[in-house]
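Laboratory data are not the source of any read-out in this text; all were calculated from the coordinates shown. None of these values were measured; they are calculated from a predicted model. We place every Cβ from the backbone using ideal geometry, glycine too, and count neighbours over all the protein chains shown.
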Amino acid sequence: MTRAEFVSALAALPASVAVEPESEWTFKAEFLQQLMTRVPEILKTQDPATGQFGSGIWIVTDQNVLFPLAAAWSIKDSANPHYHDPALLEAIGRGGDALIAAQNPRGMWVFRKKDNSTWGDIYMPWTYSRWIRAYALVKEALPAERRARWEKALTLGFEGISATALKTLHNIPTHHAMGLYCAGAALNRPEWKTQASAYMKRIVATQDPGGFWSENLGPVVGYNFVYVDALGAYYGMSKDPVVLPALERAARFHASFTYPNGSAVETVDERQIYHSTVSMPGAGFSFSPEGRGYIRRQWGLIRARAKRAKKDPVLAADGAASFLLYGTEGSALPAPGEMKQRRFVLGKNDAAVDRQEPWFIALSAYHAPVPQSRWIQDRQNLVSLFHDSVGLIVGGGNTKLQPLWSTFTVGDTSLLFHKPGDENPDFTPPSGLFHTPAKATLEPEALALALRYGDADCRVSIKPVSDTKAILTYALVKPPSSAEQTVEAHLPLLPHRNTAWKIAHATGILDETPIKISVGEAGDFFEHNGWRITLPPGSSLSWPVLPHDPYKKDGKADPDEGRIVVSLPLTAERKSQEVSVLILPPAKEG
C-alpha cells in the first residue's frame with residue numbers, strides 16, 4: 001500500500017461514529033447472524049476421530065468453542081438453522097469427550113501453548129467455564145451415557161476449583177467463580193452458587209472507584225475486560241444486583257481510556273503493551289446506557305474497518321454467544337470518543353487523557369517499585385501521543401528488563417537487560433540505575449508530569465500547537481547528586497513493519513535490520529508512517545528496542561514487539577530537549 005493509499009484508507013475511517021444523543025440500540029439480530037456464520041467455520045476445524053477442535057498443536061482452550069456451539073444449538077429463532085440440530089449436538093458431545101480424555105485424575109489439564117511450551121497442570125478457567133455453560137445448555141438432550149460421563153468429569157473439575165481456586169482476588173479466580181456459579185446450577189450443587197456469589201461480592205468491593213481492577217498498582221486495562229466478562233456472564237445467569245454498579249463504572253473507565261480509532265489506551269496498563277486492534281467490549285458492558293454506547297461505537301469502528309477492507313465485519317463466536325444469552329438491549333449514550341474536545345482525569349490526578357482533535361494524549365502518574373512478577377510490568381513509559389491520521393506515534397506500553405522504554409533514566413542503562421534463554425530472571429533493578437520514578441505528579445492543565453528518579457527531578461510535557469504539530473519537552477529540573485550518573489529521556493515510537501523510513505541522507509524499509517543512528521548521521525529528523533520526528537542535538541535513534549515478553553517462557557520478544565527509540569541526553573549544560581512531532585501531508589501519486 002502506498003502512503004497516499006494508506007492516508008486515504010485512514011481518512012475513510014472517521015475518528016467518531018455519528019450517533020444520536022441518546023437512542024435505543026438493538027444488536028441481537030445482527031449478532032445472531034454473526035454466530036450463525038461462525039458455526040460452520042468452527043465445525044470445519046474439528047477432528048471427528050478425537051473430537052478436538054483447532055489447528056496445529058492441540059491445546060485444551062481449543063475446546064472453548066463448545067460454548068458458542070451450544071448457544072447456537074439452544075437459541076430458538078427463525079433465523080437460526082442450527083437450533084436443536086442433531087449433528088451439531090454430536091459435534092458438541094465429541095468435543096466434551098476430548099476434554100475428558102485429556103483430564104488427569106484431579107480433573108486438571110496440562111497448560112500447553114501453541115508453541116508447545118508447557119506451564120504445569122491447571123484447572124483451565126477459560127475452558128471449564130465454557131464447558132459447564134455448554135453443558136447447562138445441552139444436558140437435557142445428551143444421551144444418558146454421555147451425560148453421566150460429562151457430569152462426573154465436570155464435577156471432578158469443579159470440586160477442585162471450589163476447593164483451591166477462589167483463594168485470591170484476581171482475574172482468573174473471578175472467571176472461575178463465574179463458572180462455579182453455573183456449575184452449582186447445572187450440577188445441583190447450591191453451595192457452589194453461594195460460594196461463587198460471595199466471591200463476586202468481594203471482587204466488586206476491590207474495584208477502584210475509577211472503574212478498574214488492579215493487580216499491583218493502577219489499572220490492568222486488557223485484563224479489566226476479563227473481569228467484566230466474568231461479572232457480566234455471572235449477572236446474566238444470576239441477576240445478582242450487587243455487580244451492576246461495578247459494570248457501570250467499568251464501562252465509563254474503558255470508554256474514556258480508548259483511543260479515537262477504538263484501540264485501548266496502554267499508557268496506564270500494568271500488564272499489556274499496545275495493540276492496534278479495536279477493543280470489542282463484551283456483554284458485561286450492555287447493562288447500562290454508557291456501556292451500550294461504548295459497545296455501539298466500538299462495533300461501528302469494526303464495521304467501518306471491515307468496509308474499508310471490503311470484508312464482512314467479524315464478531316468472535318464466543319462474544320456473539322455471550323451477547324445473545326446475557327446481553328441487554330436498550331438506550332445508549334454517546335461514547336466519550338465522539339467528542340472533539342475532552343479532558344478526563346482519573347482518580348486523584350493519577351492519570352489523564354486529553355482529546356484535542358485530531359490529537360489524543362495520555363499521561364500516567366502511576367508509579368511503583370519494580371515487582372518480581374513477570375506479569376506485572378514496570379511503571380516506566382508514562383506518555384502516549386496519538387493522531388487521527390496515523391494512529392499511535394509515541395508510547396506503546398510498559399515492559400521489564402528494558403530501560404530504553406522508560407520516559408527517563410538516571411544511571412547506566414546497560415546494567416539492565418534480558419538474558420537470552422533465562423526463564424526465571426531477577427527483575428530487580430541493579431544498583432546504579434533508576435528507570436522507574438519513585439514519585440510522579442500529574443499536572444493536568446499543563447499536560448505534564450513531574451517525576452523523581454533517585455534524587456534527580458525530571459519533567460515531561462506535551463503541547464499540541466496545530467492540527468499537524470505537537471511538541472514534547474523533556475527537562476532535567478534537578479540533576480542527580482552523583483556527577484557520574486547520566487540522565488536520558490527516551491521517546492519510544494511505534495513501528496510499522498515493511499514501511500519506509502527516512503533521514504536526511506538515507507531511506508529504507510523497516511524490517512528486522514537493526515538501525516542505530518546519531519543526530520549527526522541523520523541530519524535533524526526521522527520520518528516514518530506519515531510522521532516526522534525532529535532529532536535535537538546529542539540525540540540518537542535505535543531499532544529494534546525489544547521488550548521482555550512475559551507470555552514466552554524465555555521472555556524472547558519478536559521484532560514486531562519492538563520500538564524505535566530516540567534517546568535524549570540531559571546534562572547540567574543541556575537541561576532541556578524539545579522534540580517536534582509533525583504530521584506529513586500525503587505523498588503525491590506519480
Practice task
Just grab the label-to-label distance for Glu151 and Ser78, each label 7 Å out from Cα along the Cβ direction, in nm (one decimal).
Solution key: 3.8 nm
Completion exercise
Given a Förster distance of 56 Å, the FRET efficiency implied by the Cβ-Cβ spacing of Ala587 and Ala141, rounded to the nearest 0.05, works out to 0.40
Completion exercise
Mean separation of Cα contacts under 8 Å (at least 6 apart) over the residue count of region 358-442, i.e. the relative contact order in percent, is 33 percent
Practice task
Please report, in cubic angstrom per residue, the volume enclosed by the convex hull of the alpha-carbon atoms of the chain.
Solution key: 158 Å³
Practice task
Please give the per residue volume of the convex hull enclosing the alpha carbon atoms of region 97-139, rounded to a whole number of Å³.
Solution key: 85 Å³
Practice task
Rounded to the nearest 0.05, what FRET efficiency do Thr45 and Glu357 give with R0 = 45 Å and r taken as the Cβ-Cβ distance? Could you check?
Solution key: 0.55
Completion exercise
With 0.36 nm assigned to each residue of separation and the Cα-Cα distance removed, Leu169 to Asn188 gains 4.3 nm
Exercise for the section: Any chance you could run the full-extension gain for Phe427 through Ser331? It's 0.36 nm times the residue separation minus the Cα-Cα distance, nm to one decimal. Expected result: 29.8 nm
Completion exercise
Here the relative contact order (percent) of region 441-590, from C-alpha pairs under 8 Å and at least 6 apart, is 25 percent
Practice task
Report, in degrees rounded to the nearest 10, the 0 to 90 angle that the Cα long axis of helix 317-326 makes with the longest principal axis of the chain.
Solution key: 60 degrees
Completion exercise
Dimensionless Rg/Rh of region 338-448, both radii on Cα and Rh by Kirkwood, sits at 1.03
Problem - Long-range amide H partners of Val265 with built H, under 5 Å - result: Thr258, Tyr259
Handout entry: Degrees, to the nearest 10: 28-43 long Cα axis against longest axis of the chain
Key = 80 degrees
Exercise for the section: Starting from the Cα gyration tensor of region 247-341, multiply each eigenvalue by 5, take the square root, and state the resulting semi-axes largest first in whole Å. Expected result: 19, 18, 14
Practice task
Let me have the relative contact order for the chain, percent, based on Cα pairs under 8 Å that are six or more residues apart.
Solution key: 11 percent
Practice task
Round to the nearest 0.05 the FRET efficiency obtained for Asp412 and Asp455 when R0 = 25 Å and r is the Cβ-Cβ distance.
Solution key: 0.95
Handout entry: C-alpha long axis of helix 190-205 to longest principal axis of the chain, angle in °
Key = 20 degrees
Handout entry: Gain in span if fully extended, Asp115 to Thr37, counting 0.36 nm per residue against the direct Cα distance
Key = 25.2 nm
Practice task
Once you have all Cα-Cα distances for region 122-213, histogram them in 5 Å bins from zero and send the whole-percent values.
Solution key: 3, 14, 25, 23, 15, 10, 6, 3, 1, 0
Handout entry: Distance (nanometres) between label positions extended 7 Å along Cα→Cβ at Ser23 and Thr206
Key = 4.1 nm
Handout entry: Taking the convex hull of Cα positions in region 160-305, its mean projected area over all directions (nm²)
Key = 8.8 nm²
